[in-house]
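Visitor: I have a structure here, written as structure tokens, and I will follow up with some questions on it.
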Amino acid sequence: MIIHMRLVQARIPEADFQLLHRCAKDEGKSMQEIVREALHARLAPDAVDPNDPLFDLFPLTERRGKPHRLSEDHDDYLYGKRPR
């Protein structure tokens, strides 16, 4: 898989540069890798909300029988009936 990259230049304070340099050296990575990881963590966090009701869904519903209109009303089944 080919990933196309764009060059980005930024001026940072000397203290931040030293932190970046030390972090890269300590982790055995390039400074570019550290910056990409930091950007990804900030802009596209891979976080999961452990309190999401989706994790308490077994059984999926308290209703008995076959769910009707499941694809249209999936939020009602997952999170409870909402006022219309």
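The values are calculated or read from the model by the stated rules, or taken from the named source; none is laboratory data. The shown structure was predicted, so the numbers you read here are calculated from the model rather than taken from an experiment. In this analysis, Cβ positions are derived from the backbone assuming ideal geometry, glycine residues included, and neighbour counts consider all displayed protein chains.
Visitor: Across region 41-61, which residue is modelled with the highest pLDDT among those that are within 13 Å of Y79 (Cβ to Cβ) and more than 17 Å from the chain's Cα centre (by Cα)?
Guide: Here the residue is P53.
Visitor: Here are A15, A24: which of them is modelled with pLDDT of 75 or more, in a helix (DSSP H, G or I), among the small types (G, A, S) and exposed (fewer than 12 other Cβ atoms within 10 Å of the Cβ)?
Guide: On the way: A24 fails: exposed (fewer than 12 other Cβ atoms within 10 Å of the Cβ).
So the residue among A15, A24 that is modelled with pLDDT of 75 or more, in a helix (DSSP H, G or I), among the small types (G, A, S) and exposed (fewer than 12 other Cβ atoms within 10 Å of the Cβ) is A15.
Visitor: State all residues of region 62-78 that are exposed (fewer than 12 other Cβ atoms within 10 Å of the Cβ) and modelled with pLDDT of 75 or more; if no residue qualifies, say none. Before you say what the answer is, go through the steps one by one.
Guide: Applying the first criterion (exposed (fewer than 12 other Cβ atoms within 10 Å of the Cβ)) to region 62-78 yields 62-66, 68-69, 71-72, 75.
Result: R69, S71, E72, D75.
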